């Protein structure tokens, strides 16, 4: 999934795309260089995407980052809980590249 997301981002002209294999690896990478846009999977090692979102929103260094949460859960209740955690958008997998790009444009324009 990360390889596909990277390809879509690079083809869209994203300047610098970084990957992390776990929530802990993401936190470590973000401590070294904050990001403006984060694509987080709900199911990842260490903690859920929603938990990581909550943690990032509580940290002033990352509070302004745009966060898109990716999940296999398609229920409205999950989407609402993800937004309550601080996600700017929620996408259900599988994700079409056009839907990803539209979500990115939407959260960056907000």
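The values are calculated or read from the model by the stated rules, or taken from the named source; none is laboratory data. Keep in mind the model is a prediction, meaning the values are calculated, not measured. We place every Cβ from the backbone using ideal geometry, glycine too, and count neighbours over all the protein chains shown.
Can you tell which of 25, 20, 103 is touching a helix residue (DSSP H, G or I) at 6+ places or on another chain (Cβ under 7 Å), within 19 Å of residue 1 (Cα to Cα) and at pLDDT 90 or above? Reasoning before the result, please.
On the way: 25 fails: touching a helix residue (DSSP H, G or I) at 6+ places or on another chain (Cβ under 7 Å); 103 fails: touching a helix residue (DSSP H, G or I) at 6+ places or on another chain (Cβ under 7 Å).
Exactly one of 25, 20, 103 is touching a helix residue (DSSP H, G or I) at 6+ places or on another chain (Cβ under 7 Å), within 19 Å of residue 1 (Cα to Cα) and at pLDDT 90 or above, namely 20.
Looking at residue 12, is it out of contact with any strand residue (DSSP E or B) (no Cβ under 8 Å at 6 or more places or on another chain) and touching a residue at least 40 places away in the same chain (Cβ under 8 Å)?
yes
So which of 57, 66, 83 is in contact with a helix residue (DSSP H, G or I) (Cβ under 6 Å, 6 or more places away or on another chain) and modelled with pLDDT of 90 or more?
Testing whether each residue is in contact with a helix residue (DSSP H, G or I) (Cβ under 6 Å, 6 or more places away or on another chain) and modelled with pLDDT of 90 or more leaves just 66.
Tell me, yes or no, whether the range 70-86 has at least one residue that is under 20 Å from residue 7 (Cα atoms) and in contact with a strand residue (DSSP E or B) (Cβ under 9 Å, 6 or more places away or on another chain).
Yes, some residue in the range 70-86 is under 20 Å from residue 7 (Cα atoms) and in contact with a strand residue (DSSP E or B) (Cβ under 9 Å, 6 or more places away or on another chain).
Look through 89, 96 and report the one residue that is at pLDDT 95 or above and within 16 Å of residue 5 (Cα to Cα).
Going through 89, 96 in turn, the sole match is 89.
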